[in-house]
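J.: I'd like to ask some things about the structure below.
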Amino acid sequence: MSRSPGLAGAAATLDASPEAAVAAQVRSTLEAVFEAVAETRTDTARLLARVAAQSRRPATVDLAALRPGLHLRLTRQELVSGAGFVAAPGLLSDVPAWLEWWQQGSDGDVRPLLLDLDPEHSAYSDYTHWDWFALPRDTGQRAVAGPYVDYLCSDEYSLTLSAPVQLEGRFVGVAAADVYLRHFENAVVPLLQRLPGAAHLVNARGRVAASADPAHLAGSLTKGPDFGAVLASARTARFDGMRLVPCDGVPLVLVVLDD
């Protein structure tokens with residue numbers, strides 16, 4: 001097997017390959033969550049456009065109109081544990097920062113996330129550096145962040161799927177949904193275990209989102225290739241004994257070690 005210090009371009013993923021089949025199933029699993037994110041993004045953009053048409057800035061009270069849709073998404077999509085809109089700092093007229101965020105508890109109740117975002121009292125007042133906010137803001141694309149311990153919302157090991165919200169071409173925040181890692185692993189690790197080589201999934205930054213490889217645990221970093229470039233190319237590549245298979249539109253890469 002040839003080992004190259006850079007990404008070696010390869011033919012597009014073959015539909016018949018087991019890696020392509022697993023990547024497609026991972027895509028299907030997460031696409032349902034991204035559909036919920038897209039619905040939140042559409043609702044938010046429409047709401048903010050209506051407010052702008054009134055020649056005023058939005059306030060937290062306006063975002064209450066998003067709640068029926070958020071509640072519906074939480075109750076109908078079993079992978080989604082939290083959902084909402086996170087405003088860009090300065091967007092709202094009455095607070096410097098805001099999460100219109102709702103969660104579903106273990107008892108099935110849907111409840112709001114109530115946070116103190118006062119920068120004088122809260123360690124979480126600046127969320128702009130977190131991947132689930134920064135990646136959509138900087139790239140204009142949807143993102144998968146984590147897994148990480150979600151101290152902000154649930155204290156659970158989680159993934160956050162997010163997408164940018166824009167108003168007249170200006171970034172105004174992100175629509176997002178949380179998925180508990182244990183639920184995601186239950187859905188995708190059995191798929192990874194079917195492959196002949198050790199396999200794991202990474203996001204654009206190389207962080208392992210789920211793994212059937214004891215050498216690459218969830219939450220760790222896979223170093224070497226530019227996974228963002230692999231996602232952008234939408235083509236299978238090879239790097240240093242690894243086969244890299246984009247999950248067909250979902251920002252995760254399936255990494256399979258050669259036997």
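The values are calculated or read from the model by the stated rules, or taken from the named source; none is laboratory data. Every value quoted in this text rests on a predicted model; they were computed, and no experiment measured them. Note that we place each Cβ from the backbone using ideal geometry, even for glycine, and neighbour counts take in every protein chain shown. The accessibility values were calculated without ligands, DNA or RNA, using every heavy atom of the protein model including side chains. Shrake-Rupley method; radii C 1.70, N 1.55, O 1.52, S 1.80 Å.
J.: Dividing the Cα convex hull volume of region 204-259 by residue count, how many Å³ per residue is that?
T.: Output value, Cα hull per residue: 77 Å³.
J.: On to the next question. Just Leu92, Leu231, Leu72 to compare: in a GNM of the chain, with alpha carbon springs under 10 Å, which one fluctuates most?
T.: Checking each option, the largest mean-square fluctuation is seen for Leu72.
J.: If each residue of separation counts as 0.36 nm, what is the full-extension length gain between Arg194 and Asp226 once their alpha-carbon separation is subtracted?
T.: That pair, Arg194 and Asp226, stretches by 8.9 nm at full extension.
J.: Here's another thing I want to ask about it. Full extension from Leu114 to His183: what is 0.36 nm times the residue separation minus their Cα-Cα distance, to one decimal in nm?
T.: Gain in length upon complete extension: 22.4 nm.
J.: Hey, another quick one. Order the peptides 140-148, 95-103 from the highest to the lowest mean number of other Cβ atoms within 10 Å of their residues.
T.: Sorting 140-148, 95-103 by mean packing, highest first, produces 140-148, 95-103.
J.: Tell me the label-point distance for the pair Ala134, Val61, using the 7 Å Cα-to-Cβ offset, in nm and rounded to one decimal.
T.: Inter-label distance under the simple model: 3.6 nm.
J.: Further question: Test of understanding: express the Cα radius of gyration of the chain as a ratio to 2.2 N^0.38 Å, with N the residue count.
T.: Here the answer is 1.05, to two decimals.
J.: Taking the chain as a Gaussian network, where each spring joins two C-alpha atoms under 10 Å apart, which residue of Val208, Val179, Val110 fluctuates the most?
T.: Val110
J.: Could you check how much of the accessible area of the chain is carbon and sulfur, as a whole percent, using a 1.4 Å probe?
T.: Here it works out to 50 percent.
J.: Just to confirm, what accessible area per residue do you get for the chain at 1.4 Å probe, in whole Å²?
T.: For the chain, the solvent-accessible area averages 47 Å² per residue.
J.: Are there any helices in the chain, counted as whole DSSP H runs, that stretch 24 Å or more along their axis by Cα and score at least -1.0 on average by Kyte-Doolittle, and if so which?
T.: 18-53
J.: Taking the convex hull of the alpha carbon atoms in region 128-233, what volume per residue do you get, in Å³?
T.: 116
J.: Pulled fully out, how much extra length does the chain show between Ala21 and Asp94, if you take 0.36 nm times their separation in residues and subtract their Cα-Cα distance?
T.: The span from Ala21 to Asp94 would gain 21.4 nm if fully extended.
J.: Ala38 versus Ser233, label points 7 Å from Cα toward the beta carbon: distance in nm?
T.: Placing both labels 7 Å beyond Cα along the Cβ direction yields 2.6 nm.
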